Every structure is written in C-alpha cells, then in structure tokens.
Amino acid sequence: AREVQRIPGTNGDALRAVQNMPGIARPPFATGLIVVRGAAPEDTAIFAEGGEIPLVYHFGGLTSVVPSDLLERIDFYPGNFAARYGRVSAGVIDVGLRAPRGDRFHLMAQASVIDAGLRVEGPITRNLSFLVAARRSYLDATLGLVTDLLPFRSIRLPVYWDWQAIVEWRPTPRDRVRLLGFGS
C-alpha cells in the first residue's frame, strides 16, 4: 500500500495508481473517469467489498471516495472477469478494505491542501474491533476567501464529505463477520 501511494502522478491516492497500468487510458482533464482498453468509461465498474461505487472520485478526479490507508487490496480485471460484476464489458476494479486494528486504540488526523480527515479504530472486546473514519473538503472555505474579494459573488464552490464504518467480529482465528458502511 505504501509503495502504491508513492507512484508519481497519484497524489498519494492508491486508486489513481490503476491509471498507470497497461490498457488504461488517461481520462480527459477533471472528469474522474477510468477508460479501459479504449471502451466507454461507463463500461468499467468499480467495486468496494462487492458494492458498486457509481462515482469513484470527488470533483472529477481530485481524490477517491475511499481513503488509500483503508485499502487492503486493489484487483484490476481488464477482461475475462466473473459475471457477478454485472453487465460491464471493459474492465472491473475491485477494492477490499482492511480489517480494523484490534491491538490498541488508534487515532489519525490528516489535513491536506484540499481536505481534512479523522479516523478512530481499535478493539471493543478481544474478538470485536471497529473503525470509523470521515473526511471533508474545505475548498469552499479556502477559495471562498478569494471569491469574497471578487465583485460578483454568485460562484458556488464544491464541497464533499465521505465516511467509512467497519465493525468486525472474529469468532475463530480463521472466520470473520463484518458490518461495513461507507458513503459519500
């Protein structure tokens, strides 16, 4: 995961690393689309833990809706994928979210030029752990300072929120039951 986040051109976003793979065309500027093998962007589907994500990027490609530090795996199928992925014909990107840490409590706060986030995770009991994370952009606040100086004030600035919540129970060392929710 750390290596994928350091690929040039990804801005630390692991899902953007897929755009550097063979068969992926660079999307038009600020669209946030993924073009596989020259097919239409709607012929590619992105899934997280089996649920389809209709728009994987905020603001047309600025950042993905799932933070990179929550990803356990990224599987890219440019063809010959299972029918469970539906009626797409170009490709499938299937991401898996990592398990919440159960050793002790962890708190992470993050801030960048475009957004800020907070994540809390840890054990509830010996076999039960949780993770809660949220992120919000603040382009509306920072660019709003500049637009307030302009003579016209009818500019709407974009805002996004995203969140993730996971509760995982491990009844035996090889079994796990997860309750997962995420939104944007």
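Where a number appears in this text, it was derived from the coordinates with a stated rule and is not lab data. Keep in mind that this is a model prediction, so the values were computed, not measured. Heads up, the Cβs are rebuilt from the backbone with ideal geometry, glycines too, and the neighbour counts pull from every protein chain shown.
A few points about this structure:
- Within the chain, longest stretch clear of exposed trypsin sites (Lys or Arg not before Pro) (DSSP loop, no more than 15 other Cβ within 10 Å): 38-86
- The structure-derived value of semi-axes √(5λ) of the Cα gyration tensor in Å appears in the list (1) 27, 18, 13; (2) 31, 20, 15; (3) 29, 25, 14 under the label (3).
- Whole-Hz ³J(HN,Hα) from phi, Karplus 6.51 cos²θ - 1.76 cosθ + 1.60, for region 48-58, glycine and proline x: 10, 6, x, x, 6, 9, x, 10, 7, 10, 7
- Charged-residue dipole, Cβ positions (Lys, Arg, Asp, Glu), region 49-88 about Cα centre, Debye nearest 20: 200
- Unit charges on C-beta of K, R, D, E only; dipole of region 1-151, Debye: 340
- Alpha-carbon centroid distance for the pair region 84-99 / region 120-184, whole angstrom: 21
- Summing Lys and Arg as +1 and Asp and Glu as -1 over all other residues whose Cβ lies under 9 Å from the Cβ of Asp94 gives a net charge of -1.
- Dividing the mean sequence gap of close Cα pairs (under 8 Å, 6+ apart) by how many residues the chain holds gives a relative contact order of 14 percent.
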